[in-house]
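Undergrad: Take a look at the following structure, please.
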Ligand code: NAD
């Protein structure tokens, strides 16, 4: 098949692109390199630098494409609190631009990579796709708005749409900014450097951490699965892990004894998050197979930024 991936030079986009070319597909990748790294891409991926809001570029890139994976986005929740306008422009505006261009060119299917963040606080866990969204940040609002645009424009113009709500994905190559770094990679880095693990809130909040290879499995299935048009599907590990337990696993896999500091006054985010995976199993035959401990070990092995300094 012929794919276009937006956000192809990012963490999830590059893992997906590399897997698709390995499987013999033809892949074009678009990324503005605001955080992405094109050297993460296999040379077989046809990479183009550009903005997801650039319609003429999209028209060219979309020619003869069977399925688009839309991942280009700004992804840092705390940053979105400071700069909501930018999150709206890229995550919502970029999605609308892409959908318009897909309508103009005529593409059969789009897979939007949405986020478990749209659920916010939910009483019932694991959370199913039927829960009423409760976004708590401009990032979460932007992902939810993108879902609505994708489904609505798709329905109006006969484009098949699948929205995957990915929970806390992690793995080698995840973007590691100096501030607002994702918790899991940040803990690994701090532990390896014998730094401090700062836990926001009391650490009892839970998350669903899913390894990148499992996410890629779901993304690949979403491009060809039958009966998924207009569907929204959770993608996680289905395992609920508290931040306190995450600290224990990080300490165990790194073998180091970093200092752990709790900051009960800072907001630890939603109390619980765990994906109900029944729909993903039924529609995508999705069965995540990598445990948190194994995923952390693989991340340590495969990410050169996480090599111990004196080891
Ligand atoms: P990432 O930052 O590594 O990837 C996003 C990519 O989009 C980057 O390479 C960036 O350069 C590119 N980009 C940003 N603005 C752009 C623009 N205007 N035009 C073109 N490209 C642009 O993050 P990621 O973790 O790989 O996330 C990929 C997608 O998955 C995002 O849509 C994100 O919302 C979604 N998601 C990620 C997670 C996770 O835990 N990593 C969870 C849920 C959803």
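Undergrad: Tell me which residues, restricted to the stretch 196-207, are loosely packed, with under 14 Cβ neighbours inside 10 Å and under 14 Å from residue 259 (Cα atoms).
TA: 196, the sole residue that qualifies.
Undergrad: While we're on this one: Condition (residue is at pLDDT 95 or above, in a loop (DSSP other than H, G, I, E, B), touching a helix residue (DSSP H, G or I) at 6+ places or on another chain (Cβ under 8 Å) and surrounded by fewer than 13 Cβ atoms within 10 Å (Cβ to Cβ)) applied to the stretch 254-275: is it met by at least one residue?
TA: no
Undergrad: Residues that are modelled with pLDDT under 95: list the strands (runs of 3 or more DSSP E) wholly contained in the stretch 1-114 that include at least 3 such residues.
TA: none
Undergrad: Next up: Does residue 193 satisfy the condition of being surrounded by fewer than 17 Cβ atoms within 10 Å (Cβ to Cβ) and farther than 25 Å from residue 66 by Cβ? Spell out the reasoning first.
TA: Values: surrounded by fewer than 17 Cβ atoms within 10 Å (Cβ to Cβ): yes; farther than 25 Å from residue 66 by Cβ: yes.
So residue 193 passes the test.
Undergrad: Report, by residue number, each residue of the stretch 1-22 that is farther than 14 Å from residue 175 by Cα and touching a residue at least 60 places away in the same chain (Cβ under 8 Å).
TA: Matches in the stretch 1-22: 1, 2, 3, 4, 5, 6, 16, 19, 20.
Undergrad: Taking the residues in the stretch 221-253 that are without any contact (Cβ under 8 Å) to a residue 12 or more places away in the chain and part of a helix (DSSP H, G or I) as candidates, determine which candidate is surrounded by the most Cβ atoms within 10 Å (Cβ to Cβ).
TA: 245
Undergrad: Would you tally the residues in the stretch 8-47 being buried (at least 16 other Cβ atoms within 10 Å of the Cβ) and within 10 Å of the ligand (Cβ to nearest atom)?
TA: The total comes to 16.
Undergrad: Can you say whether residue 156 is surrounded by fewer than 24 Cβ atoms within 10 Å (Cβ to Cβ), away from the ligand (no atom under 14 Å from the Cβ) and assigned to a helix (DSSP H, G or I), as far as the supplied structure shows?
TA: Judged against the criteria, residue 156 is a match.
Undergrad: Separate question: Take the stretch 115-135 and flag every residue that is part of a helix (DSSP H, G or I) and within 11 Å of the ligand (Cβ to nearest atom). Don't jump to the end; show me each part of the working.
TA: So in the stretch 115-135, the residues part of a helix (DSSP H, G or I) come out as 116-119.
Within the stretch 115-135, 116, 117, 118 meet the criteria.
The values are calculated or read from the model by the stated rules, or taken from the named source; none is laboratory data. Everything numeric in this text was worked out from a predicted model, so none of it was measured. Cβ coordinates were reconstructed from backbone atoms using ideal geometry, including for glycine residues, and neighbour counts include every protein chain displayed.
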